[in-house]
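S.K.: Let me give you the structure first, and then I'll get to my questions.
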Amino acid sequence: MVNEEMLNLRSFYIRLCKKIWIIPVAAVVGALISFIIYFLATTVFGTGTTYESEATLYIDFAYDEETGTQVDYYNAYTWNTLIATDEIIDTTMNNLTEMGISELEGSATTGGSIDSGVTRAQVIADTNADIPSDVRVMVLTITDADSDLAYAIAQATSDSLVKYGESNDAFESIKVLSCNESIASVYTDRTLVAVIFGAVLGIITCILLMMLMSLLNDAAYVPEDIEKKYHLPVIGVLSSEGTQELQYFRNLLIATANHLIAHTSDVKVVSPLDKGEDKKYALAANTRLKEVLGNDFDFGKTSIISSQMPNAGQDAVKELDLSDGVIIAIPAGKKNLGAITENLLSELHKLDVPVLGFVLTDADMKFLKRYYGI
């Protein structure tokens with residue numbers, strides 16, 4: 001006997017519609033979690049407001065009749081590399097010291113200030129040289145959490161570049177065109193994007209989790225669920241007591257019962273419920289089965305009575321052994337019956353008791369109407 005554990009997507013989506021409220025709840029939860037994470041990352045644990053001081057310098061390259069200008073050798077990458085060299089950074093740090101900002105030892109790239117001082121590593125990390133288009137114009141941007149320190153580093157670095165231009169034969173001169181005081185960096189608030197992303201992720205995660213839970217759920221909702229899993233016929237579908245039986249399923253039950261069990265004389269109905277509920281449920285299922293079959297089945301020729309599973313004792317085993325076969329009643333939507341049903345089938349096989357088929361009991365007729373489109 002081979003089980004086919006496959007997710008019935010049609011059944012899943014119809015059942016999902018009954019729990020559609022879970023989707024917006026998942027969206028709200030996902031959005032809330034995303035908002036909290038974004039808020040913590042940007043506000044609580046973020047770097048806070050940063051400041052930028054921008055200096056513009058003009059570079060006048062020297063020209064040699066034999067070698068020509070060296071303008072092609074200098075770009076943004078070159079300047080950012082040069083600024084970190086001792087020839088320039090030493091002068092920058094000396095300039096800062098003269099401005100009253102002491103040089104600190106260590107490799108820290110944050111935390112400096114006008115009063116406490118600054119490390120060489122932080123000055124390098126704060127500094128960015130860019131050549132927007134004209135190689136003769138450099139835009140020097142200093143970014144730091146301390147506005148005064150950012151402006152001071154911009155002044156000190158600009159002065160060191162001017163001195164670098166005076167001492168290097170590749171330049172006629174480097175001049176400072178402007179050096180602006182620090183302004184707060186523009187902060188892009190992406191809270192809405194984070195919330196939308198969280199909502200979408202919440203919905204997707206919710207659906208995937210529900211699909212996984214449905215895949216692990218061994219409950220049967222339609223006859224095909226049982227037939228695919230156990231490769232045995234479903235004789236029919238029964239609604240719960242007091243619920244109107246659909247004529248469609250009643251006709252199918254009568255036709256199948258007359259074909260599969262009318263040739264037998266003694267049929268037992270069992271149910272794979274645990275904790276002693278099997279006897280009670282088998283009796284209820286048998287009563288409902290006879291009620292639906294009614295006068296369209298010859299009960300004088302075929303006796304259908306309820307019984308217990310083999311684990312009930314020798315009397316139950318003997319009763320099943322003397323029968324012509326059993327019908328297994330499985331409640332629709334009842335979870336955690338897969339393992340015990342397989343065990344029941346295995347025991348019946350050992351006892352050489354034929355399984356005539358299943359009946360799906362307590363079925364939701366509204367669900368089945370939507371599933372089959374009837």
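S.K.: Compute the angle between helix 277-293 and the longest alpha-carbon principal axis of the chain, please, reported from 0 to 90 degrees and rounded to the nearest 10.
M.R.: That helix lies at roughly 70 degrees to the long axis.
S.K.: Starting from 0 in steps of 5 Å, tell me what percent of the Cα-Cα pairs of the stretch 51-184 lands in each bin.
M.R.: Spelled out per bin, shortest first, that is 2, 11, 21, 25, 19, 11, 7, 3, 2, 0, 0.
S.K.: Another one. Which one, (1) 65; (2) 43; (3) 78, gives percent of Cα pairs over 28 Å apart as derived from the coordinates shown?
M.R.: For percent of Cα pairs over 28 Å apart, the calculated option is (1).
S.K.: Which entries of K268/K290; K228/K318; K268/K335 show an alpha-carbon separation above 21 angstrom in the structure shown?
M.R.: K228/K318; K268/K335, as the Cα separations exceed 21 Å there.
S.K.: Could you work out how far helix 147-167 tilts from the main Cα principal axis of the chain, as a 0 to 90 degree angle to the nearest 10?
M.R.: It is inclined by approximately 50 degrees.
S.K.: Which residue, chosen from G242, L232, V267, occupies the Cα position most advanced towards the positive end of the dipole of the stretch 218-292, where the dipole is computed from +1 (Lys, Arg) and -1 (Asp, Glu) charges on Cβ about the Cα centre?
M.R.: After comparing all options, I get V267.
S.K.: Follow-up question, since we're still on this one. Take every DSSP beta bridge with both residues inside the chain and express the antiparallel ones as a percent of the total, to the nearest 5.
M.R.: 55
S.K.: Among M365, M213, what is the fewest-to-most ranking by other Cβ atoms within 10 Å?
M.R.: Arranged by neighbour count, lowest to highest, M365, M213 become M213, M365.
S.K.: Which residues among the stretch 336-374 fall inside the zone where the amide N is under 13 Å from a point 7 Å beyond the Cα of R10, along Cα→Cβ?
M.R.: Counting backbone N atoms under 13 Å from the label point, the list is 368-374.
S.K.: Starting from the Cα-Cα distance between D321 and S133, subtract it from 0.36 nm times their residue separation and give me the gain in nm to one decimal.
M.R.: Value of the extension gain: 58.3 nm.
S.K.: If you don't mind, another one. Determine the gain in length on full extension of the stretch M213-V193; use 0.36 nm per residue of separation and subtract their C-alpha separation, reporting nm with one decimal.
M.R.: That works out to 4.2 nm of additional length.
S.K.: For the chain, what is the mean residue ellipticity at 222 nm derived from helices alone (per DSSP H run of n ≥ 4: -39500 (n - 2.57); sum divided by total residues; nearest 500 deg cm²/dmol)?
M.R.: That comes out to -14500 deg cm²/dmol.
S.K.: What spacing in nm lies between the two simple spin-label points modelled at D86 and D296, each 7 Å away from Cα in the Cβ direction?
M.R.: 10.1
S.K.: For V162 and C17 in the same chain, what is the full-extension length gain: residue separation times 0.36 nm, less their Cα-Cα distance, in nm?
M.R.: Residue separation times 0.36 nm, minus the Cα-Cα distance, leaves 45.0 nm.
S.K.: What ranking do 217-229, 98-110 get when scored by the average of other Cβ atoms within 10 Å per residue, highest first?
M.R.: The peptides rank, most packed first, as 217-229, 98-110.
S.K.: Could you work out how far helix 22-39 tilts from the main Cα principal axis of the chain, as a 0 to 90 degree angle to the nearest 10?
M.R.: On a 0 to 90 degree scale, this one is about 20.
Coordinate-derived values only; no laboratory data. Note that the structure is a prediction, hence the values are computed from the model and not measured. Using ideal geometry, Cβ is built from the backbone for each residue, glycine included, and neighbour counts are taken over all protein chains shown.
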